[in-house]
Amino acid sequence: MELYKENQLKIYNSLSKSKEVFKTVTEGRVGMYVCGPTVYSNVHLGNLRTFMSFDMVFRYLRHLGYKVRYVRNITDAGHLESDAEEGEDKIAKKARLEEIEPMEVVQRYTVDFHEVTQKYNFLPPSIEPTATGHILEQIEMIQEIIDKGMAYEVNGSVYFDVLKYNETSNYGILSGRNIEEAIHNTRALDGQSEKRNPQDFALWKKADERHIMRWNSPWSDGFPGWHLECSVMSSKYLGEQIDIHGGGMDLKFPHHECEIAQSHTCSGVQPVNYWMHANMLLLNGQKMSKSTGNYILPNDILTGNPDATYLGKRILSKGFGVGVVRFFIMQAHYRSILDFSNDALLASEKGYNRLMEAIAALNDVKIGGTSSFDVVAWKQKCYDAMNDDFNSPVLIAHLFEAVKFINQIKDDKATISKEDLETLKNTMNIFVFDVLGLLNDAKDQGSDKLEGVVELLIKLRKEARDNKDWALSDQIRDELASLGIQLKDGREGTTFSVN
Ligand code: AMP
Ligand code: ZN
């Protein structure tokens, strides 16, 4: 169904800094590119939040009837430490530290990324291209940029000439940075650098003898600059002008600004119609980040890993289901900052369980005469929320109006007609499962009780251990294991998982 024809979707465009009516390049089709993970470590929940935001965007566009080609790349080369122009490749560094091949690093963390996104109920993208799979195309694009006079070669490396580009175009169009000011404020190059200007960025870097990830090129044995792969792969799979380009807020500059400069130089057109940027997930009031150690892994949240700590304190009191975590993330708008905490997850769990109970109750709701709730108007409000720049928190507020109504019907305080019941059921299914991607994995009362019983046994086992009654402690562990319940002892306590 071509629902997009009757829904006026508006998207906040980071390029114009305003909400704009969404118009596609080709009627009925959407090309969407999202910068994927750099596979040198496990994705943390912050990374996952950004990808989940675009999973929700993908889901809603599909629901509206668009034929979406969703490209999300894997960065497996060229991303240097601290996103700077110097230093070691993130993947090569990990390979050196672990004494394995770079491609083993890539394989390990690509598999992890796929496992996590599958567990968290993501829809797979249409194409998932890799940087190393597109070295030839990257070399071709560098040559094109050199031919257009916007890049120069020094000692086997090639740099984009930002000042020259800025004479005829606007370097800073996305981030709002003023290049002239930036030049004025940076100290002159010390003669060590090959760049004409500190603002210039690498398209190709000559590899020194320690750099093991290297390819042959007309300029040197080397490797491509980080920003290049996304220009190459987005144009290869989605054309010179794509509808949506997404990524985390922190990629706006320099990554996306440089992507625009590269692509625009080659095609002469603005490469992206709608730039979308997802906001950051915080932990302990700071950006969740691998490099500062301030992060939590998606798997730890599912198991309640007691070893996940911050400043020696356990982050999680227990494990949470995928549905709860998705619900927690979707309760914030994708452009808002979101603070992660155990308390916030506990609150989300309550809300999520209430939602799932109401959906289950819809199966045995009594039909009776006319409806005391305007279901059709409510359905429209759900669409209006999503049409307003994918406003999932407002959508969720509307879903809870329906929850209230369902509970009133259960208590004989409200009535619903047969037709409205069908509409209510369908609309709940569409928004809860198809669009927000929540899973119906709410715990039933039986598993709640099981959880309580196992927690009690864990307590008794601890008492046994404190009394040095090892036989009893082992008996509890082994007999639970034979029932398929595994205990895991960590520094901060014991958790369990059920097979
Ligand atoms: P990376 O693997 O470092 O290239 O990051 C993958 C994606 O995660 C990028 O789009 C980042 O902007 C995003 N990202 C990184 N840290 C966070 C965070 N704390 N919250 C939300 N998104 C993040
Ligand atoms: Zn990118």
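The values are calculated or read from the model by the stated rules, or taken from the named source; none is laboratory data. Quantities reported herein were computed from a predicted structural model and do not represent experimental measurements. Cβ: placed from backbone, ideal geometry, glycine included. Neighbour counts: every protein chain shown. What goes into the accessible areas is simple: the full protein's heavy atoms, side chains included, and nothing from ligands, DNA or RNA. Shrake-Rupley method; radii C 1.70, N 1.55, O 1.52, S 1.80 Å.
Element breakdown for the range 3-278 at a 1.4 angstrom probe: carbon and sulfur atoms account for 46% of the accessible area.
Is the shape of the chain best called rounded, prolate or oblate, per the rule: a/c under 1.5 gives rounded, else a/b larger than b/c gives prolate, else oblate, with a ≥ b ≥ c the square roots of the Cα gyration tensor eigenvalues?
Taking the square roots of the gyration eigenvalues as a ≥ b ≥ c, the chain is oblate.
Listed values for the range 272-277 are Karplus-derived 3J(HN,Hα) couplings in whole Hz (6.51 cos²θ - 1.76 cosθ + 1.60, θ = phi - 60°), namely 10, 7, 10, 8, 10, 10, and x replaces Gly and Pro. By the rule of a C-alpha distance below 18 Å, with chain neighbours fewer than 8 residues away ignored, the lysines paired with Lys206 are Lys90, Lys93, Lys195. Entry note, the chain: the mean residue ellipticity at 222 nm calculated from DSSP H runs of n ≥ 4, each adding -39500 (n - 2.57), is -13000 deg cm²/dmol after division by the residues and rounding to the nearest 500. Subtracting the Cα-Cα distance of Ala360 and Leu450 from 0.36 nm times their residue separation leaves 30.3 nm of extension gain. Segment Glu180..Arg465, full-extension length gain: 95.8 nm, with 0.36 nm per residue of separation and the alpha-carbon distance subtracted. For the range 217-233, putting each phi into the Karplus relation 6.51 cos²θ - 1.76 cosθ + 1.60 with θ = phi - 60° gives couplings of 8, x, 9, 4, 6, x, 8, x, x, 4, 6, 5, 4, 6, 4, 5, 6 Hz, in residue order, rounded to whole numbers and with x for Gly and Pro. In order along the range 207-212, the Karplus-derived 3J(HN,Hα) couplings, from 6.51 cos²θ - 1.76 cosθ + 1.60 at θ = phi - 60°, round to 8, 7, 4, 7, 7, 8 Hz, and Gly and Pro are given as x. Heavy-atom accessible surface of the range 3-278, averaged per residue, reaches 42 Å², computed with a 1.4 Å probe.
Computed from point charges on the beta carbon alone (+1 for Lys and Arg, -1 for Asp and Glu), the dipole magnitude for the chain about its Cα centre is near 1100 Debye.
In this structure the range 334-446 gives 48 Å² per residue of accessible area when probed at 1.4 Å with all protein chains present. Just the protein heavy atoms count here, and of the accessible area of the range 445-498 at 1.4 Å, carbon and sulfur take up 53 percent. If you take the square roots of the eigenvalues of the alpha-carbon gyration tensor of the range 31-144 and sort them as a ≥ b ≥ c, do you get rounded (a/c under 1.5), prolate (a/b over b/c) or oblate? In terms of gyration-tensor shape, oblate.
Once the C-beta distance of Leu3 and His211 is scaled by a Förster radius of 51 Å, the resulting FRET efficiency is 0.50 to the nearest 0.05. For the range 410-499, applying the loop criterion from DSSP together with a ceiling of 10 other beta carbons within 10 Å to the trypsin sites (Lys or Arg not before Pro) yields Lys413, Lys468, Arg491. For Lys410, the lysines whose Cα comes closer than 16 Å to its Cα, not counting residues fewer than 8 places off in the same chain, are Lys366, Lys418, Lys425. Sorting Phe113, Phe400 on solvent-accessible area from highest to lowest, probe radius 1.4 Å, gives Phe400, Phe113.
Of the listed residues Met386, Met1, the order by accessible area with a 1.4 Å probe, largest first, is Met1, Met386. Would the range 350-412 count as rounded, prolate or oblate if I go by the C-alpha gyration tensor, calling it rounded below 1.5 in a/c and otherwise prolate when a/b exceeds b/c, oblate otherwise? Oblate, because a/c is 1.5 or more while a/b does not exceed b/c. Contact order, relative form, for the range 351-499: 21 percent (alpha carbon pairs under 8 Å, 6 or more residues apart, mean separation divided by residue count). Could you tell me which of Gln241, Ser217, Ser231 has its Cα farthest along the dipole of the range 176-311 towards the positive end, charges placed at Cβ (Lys, Arg +1; Asp, Glu -1), taken about the Cα centre? Value computed over the given set: Ser217.
What percentage of the solvent-accessible surface of the range 310-435, computed with a 1.4 Å probe over protein heavy atoms, is contributed by carbon and sulfur atoms? Could you put the intermediate results ahead of the total?
Numbers: 2860 of 5610 Å².
Ligands and nucleic acids excluded, carbon and sulfur give 51 percent.
Exposure check, 1.4 Å probe, all protein chains in place: Met141 carries approximately 20 Å² of accessible surface.
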